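Only the coordinates and a few stated rules stand behind these numbers; no lab work does. All values derive from a computational prediction rather than experimental measurement. Cβ sites come from the backbone with ideal geometry, for glycine too, and all protein chains shown count toward neighbours.
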Amino acid sequence: MIRNYLSLSKSTALFITLFICFQSLASTKLSFEDYAQLPNTRFMTISSDGQRLAYLKSMPDGERVMIIDKESLSSIGSIGVGDTKIEYIYFVDKDNVVIKTSKLSRIGGFRGKYYIKNAFVYNIEMKRIRPLLKTGESIFKGQTQLSSVIGISEDKKSIYMPAYIGNDRRFKPNYSLVKIDFESPSTFRPLGIGSINAIDFFLGEDREPLIIESYSNESDIHTIKVKRADDWETIYEFESKIRDISLIGLTPDYKHLVILKYNAERNVNDYQLMSLDTGKIEPTGFAKQDSDIDRVINDINRVVYGFVYSGFTPTYKFFDDNLEARFKSISDMFADHSVVLTSWSDDFSSLIVYATGNSAPGDYYLFEKGKEPAFLASSRSNIDPSEIHPVGELTVKARDGFIIPTLVTIPQGALPEMKNLPAVLLPHGGPASYDTKGFHWKAQALANEGYLVIQPQFRGSSGFGLKHEQAGYGEWGAKMQDDLTDTVLQLSKQGFIDKERVCIVGSSYGGYAALAGGAFTPDLYKCVVSVNGVSDIPDMMSRTKYDYGSNHWVVSYWDQVIADGKGSEDLLKEISPSNFVEKFKAPTLLLHGEDDHVVRIDQSELMYKRLKKADKEVKFVELEGEDHFLSSGETREQALKEIVTFVNKHIGN
């Protein structure tokens, strides 16, 4: 049965709307470990026939993939994963579970270590696990992405995966499609399609290759080809430094490609359809001005049945009216919570949803037609709903009138008055990302110490419409930073926070924003914490060019986002905090994963050396063996302890 959720009351004051959960007014006794540990149940998924469940479970001896019979709840499979990071689990049919993994490894003949993504298939009846594809023979050795499945054959005996084909690392291999036998994954057949510029493939209704998508970083030509009898016909060709459309999937009748494309009339990225006969693109009118189409609901063959709008809580659009009404009734059971559809049976009769918010630390439920909803598991069974610090919404108006949607996590002990609180500003990474309502481990841990935790969706954030995101182009260290400053000033003016007791803590781009706060508004923050943050943008751009090549679209993307296409060396230096260490007044804590391949640890090492040389108060902590996302529970606990101790030292009671 569904947990007994407390009702949420609503109050309004000036620019703020808070959803307040009146629970115990005392701080809870949870530890750093309680907040930092990885969810103990993850990736809950259901089989295509709705009869089996699989999930990742934390056990005393490590994590295991568990497979159970839904009716009897008895175990029918269990796989230990060791130190391998599990990224996703799903059924391809009732008997086979695909496990997507990531592991830092070396590649023979190549320098350094790489995060290698692989996919394994576990056969429930045979109790056997095997890799779907392995490098060697005709599968190019020097590739890191071998985990994508784009379809399954009609008889469900074979699957299709893209891979680079070739065995000589001196030459750039072709990106092609491989057909793999489920019964014997070592038996595979490259289909001989693709090219060095191919980037994606789609199967037709007959489960044969139907579409090839290509993009050349040299010519900037984006191409879509469709199979016609024994030939491939180009239905789309466009020159652009950054691809202007994204291919998402296929309509159920296999007559159209589902794409995301900029709609100039409405100034939004719109869900649109491309005819496979003519290449003509038709808008659907589904796009909204104030939210993005975040993801689609599609099956293993990438047939699309609906999509999800972004925002603080997701909303859904299904093309089947009955399914739309059914899911709305489910969402209504969890008012003001984020409700995520995580898995479903082939006929959508069985749905698994994940609910998180003020009364749920992250709970999985099973909804079956004709049956009562069933609580399956909590992803954080160590945290009781009564221990959650409530999350509310507010709206901030920046100095130029720009609207900044904002989340606040409120210490239970501060309710109901919420006056003159010490505060932590927690800008998200990306910057093309956004925060959602739900259990945020850093925000909850800081609120438990008595801090109001503020998460502004500054311009440049995604999730609130294309206009909101594009407003951040060229505004790193400028208006994007002003949005953070104005949020602090407004909440201070309204009496919610104590302006003299504010710290800024951020990760990735949020780490850059934290350092920029210390450099460009040195009187605003009493301490600065950067986790895996960028400090030197010219160095970041040089590294990007080295990793991808100067002509790659990723380089063009960052040039557009950071500098609106005008990224001169001088401009990039002017917005790099490492060049303004003499302006720092706030003590600074730098934490960085040793094995971060997104933002290299060099960024924090450079910042530390320059702050130290300028005789500023700074501490640097290297997180041993950690990646960009703090994927290890052990080092997450270490990082959280360092952050909270540092913040307490400078603005605590």
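Would region 413-507 count as rounded, prolate or oblate if I go by the C-alpha gyration tensor, calling it rounded below 1.5 in a/c and otherwise prolate when a/b exceeds b/c, oblate otherwise? Intermediate values should be presented prior to the final figure.
Working: a/c = 2.21, a/b = 1.59, b/c = 1.39.
It is prolate, given that a/c is not under 1.5 and a/b is the larger ratio.
Over the C-alpha atoms of region 254-393, what are the Rg and the largest Cα-to-Cα span, Dmax, in Å?
17.3, 57
Around Leu104, which amide H atoms from residues at least 5 apart in sequence, or from another chain, sit under 5 Å from its own amide H, with H modelled in the peptide plane?
So Leu104 has HN proximity to Ile116.
Quote the relative contact order of region 197-311 in percent (integer), defining contacts as alpha-carbon pairs under 8 Å separated by 6+ residues. It would help to have the intermediate numbers written out before the result.
On the way: 233 pairs, mean separation 18.0, N = 115.
Here the relative contact order equals 16 percent.
Show me 599-607, 148-156, 237-245 ranked by packing, highest mean number of other Cβ atoms within 10 Å first.
599-607, 148-156, 237-245
Between Gln494 and Tyr473, what FRET efficiency follows from the Cβ-Cβ distance if R0 is 35 Å, with the result rounded to 0.05?
Values: r = 30 Å, r/R0 = 0.86.
Calculated value: 0.70.
Using a Förster distance of 41 angstrom, determine the FRET efficiency expected from the C-beta separation of Ala432 and Lys127, and round it to 0.05. Mind showing how you got there, number by number?
Numbers: r = 43 Å, r/R0 = 1.05.
For R0 = 41 Å, the calculated efficiency reads 0.45.
Give me the Kirkwood hydrodynamic radius of region 350-447, using the inverse of the mean 1/r over all pairs of distinct Cα atoms, in Å to one decimal.
Its Kirkwood hydrodynamic radius stands at 15.7 Å.
If I take every Cα pair under 8 Å that is 6 or more residues apart in the chain, average their sequence separation and divide by the length, what percent do I get for the relative contact order? Show your work: numbers first, answer last.
Numbers: 1506 pairs, mean separation 65.2, N = 653.
Here the relative contact order equals 10 percent.
Taking every pair of distinct Cα atoms and averaging 1/r, then inverting, what Kirkwood hydrodynamic radius in Å comes out for the chain? Walk me through the numbers on the way to the answer.
Details: mean 1/r = 0.0380 Å⁻¹.
By the Kirkwood definition, the hydrodynamic radius is 26.3 Å.
Which aspartates and glutamates does Lys583 reach when only Cα atoms under 18 Å apart count, and residues fewer than 8 places away in its own chain are ignored?
Straight-distance partners of Lys583: Asp482, Asp523, Asp536, Glu574, Asp615, Glu617.
Of the listed pairs Lys57/Lys442; Lys113/Lys545; Lys57/Lys619; Lys134/Lys225; Lys85/Lys261; Lys493/Lys619, which have alpha-carbon separations greater than 30 Å here? Spell out each step's value before the answer.
Details: Lys57/Lys442 22 Å; Lys113/Lys545 19 Å; Lys57/Lys619 35 Å; Lys134/Lys225 28 Å; Lys85/Lys261 34 Å; Lys493/Lys619 32 Å.
Too far apart for the 30 Å limit: Lys57/Lys619; Lys85/Lys261; Lys493/Lys619.
Classify region 197-311: rounded, prolate or oblate, from the alpha-carbon gyration tensor (a ≥ b ≥ c, eigenvalue square roots; a/c under 1.5 rounded; otherwise prolate if a/b is larger than b/c)?
Working: a/c = 1.88, a/b = 1.25, b/c = 1.51.
Taking the square roots of the gyration eigenvalues as a ≥ b ≥ c, region 197-311 is oblate.
Determine the gain in length on full extension of the stretch Arg295-Ser240; use 0.36 nm per residue of separation and subtract their C-alpha separation, reporting nm with one decimal. Could the numbers behind the result be given before it?
On the way: separation 55, 0.36 × 55 = 19.80 nm, distance 2.34 nm.
Between Arg295 and Ser240, full extension yields 17.5 nm more.
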